[in-house]
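Inspection log for the structure reproduced underneath, given as structure tokens.
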Amino acid sequence: DGTTQNNNAILRSTNNIPATAASLLRSKLNSHMQHNSNSSSTARQIVSFSQPLDMLLGGGFALSELTEIAGLPGSGKTQLAMQLCVDARLPGKYGGVEGCAVVIDAEGSWSGAGVDRLWSLAGALVDHVKSSALRKMEANKAKEMANGRG
């Protein structure tokens with residue numbers, strides 16, 4: 001299909017130099033931006049769902065940039081990185097960027113139980129999006145009923 005062909009084109013290099021993770025992400029983002037050029041998703045950022053952190057970063061984590069997360073052991077670096085990877089996949093209709101993420105795990109935190117944690121975070125995000133959508137639908141229905149259209 002077209003997506004597979006596009007991904008294969010990204011991986012090929014004209015001068016046989018292997019592609020870097022950053023160049024793959026940049027190519028993927030550029031392709032995504034061209035595909036969605038008439039939407040507002042090009043200026044979006046990946047939100048962490050931590051309002052103070054997102055405000056500190058000017059709305060969230062920038063697209064197509066390398067972000068290093070540093071801190072003391074047990075400070076939540078792996079948790080934040082996993083949450084951002086899940087959030088990066090959030091569909092545009094729910095305020096996401098429909099993106100992808102590359103992780104360089106120097107500590108081995110993502111193997112074994114880390115994968116289970118990642119799936120748990122993804123499930124929690126799905127539940128959050130579903131409940132938010134339900135609340136929005138109920139609010140719209142109540143508004144319509146209040147306006148005499150229900």
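The values are calculated or read from the model by the stated rules, or taken from the named source; none is laboratory data. None of these values were measured; they are calculated from a predicted model. Heads up, the Cβs are rebuilt from the backbone with ideal geometry, glycines too, and the neighbour counts pull from every protein chain shown. Surface areas here come from the heavy atoms of the whole protein model, side chains and all, with no ligands, DNA or RNA. Shrake-Rupley method; radii C 1.70, N 1.55, O 1.52, S 1.80 Å.
The residues of region 111-142 that are of a type outside the set (A, V, I, L, M, F, W, C), open to solvent by less than 60 Å² (accessible area, probe 1.4 Å) and closer than 20 Å to LEU90 by Cβ, listed by number, are GLY123, SER131, SER132.
Checked against the criterion of being in contact with a Phe, Trp or Tyr (Cβ under 9 Å, 6 or more places away or on another chain), among the aliphatic types (A, V, I, L, M) and at pLDDT 85 or above, region 98-113 contains not a single residue that satisfies it. For region 93-110, a residue qualifies if it is within 26 Å of MET137 (Cα to Cα) and either exposed (fewer than 15 other Cβ atoms within 10 Å of the Cβ) or basic (Lys, Arg) (or both), and the qualifying residues are LYS93, TYR94, GLY95.
When HIS128 is tested against (1) at pLDDT 90 or above; (2) assigned to a helix (DSSP H, G or I); (3) not small (Gly, Ala, Ser), just one condition goes unmet, and that condition is (1). Sub-6 Å Cβ pairs linking a first residue in region 75-102 that is among the basic types (Lys, Arg) to a second residue that is open to solvent by 50 Å² or more (accessible area, probe 1.4 Å), at least 6 apart or interchain, are LYS77/ILE69, ordered by first then second residue.
Taking the numbered list (1) of a type outside the set (Gly, Ala, Ser); (2) in a helix (DSSP H, G or I); (3) at pLDDT below 85 in turn, LYS136 passes all entries but (3).
Consider region 54-90 and keep the residues that are among the small types (Gly, Ala, Ser) and in a helix (DSSP H, G or I). The one that is surrounded by the fewest Cβ atoms within 10 Å (Cβ to Cβ) is ALA88.
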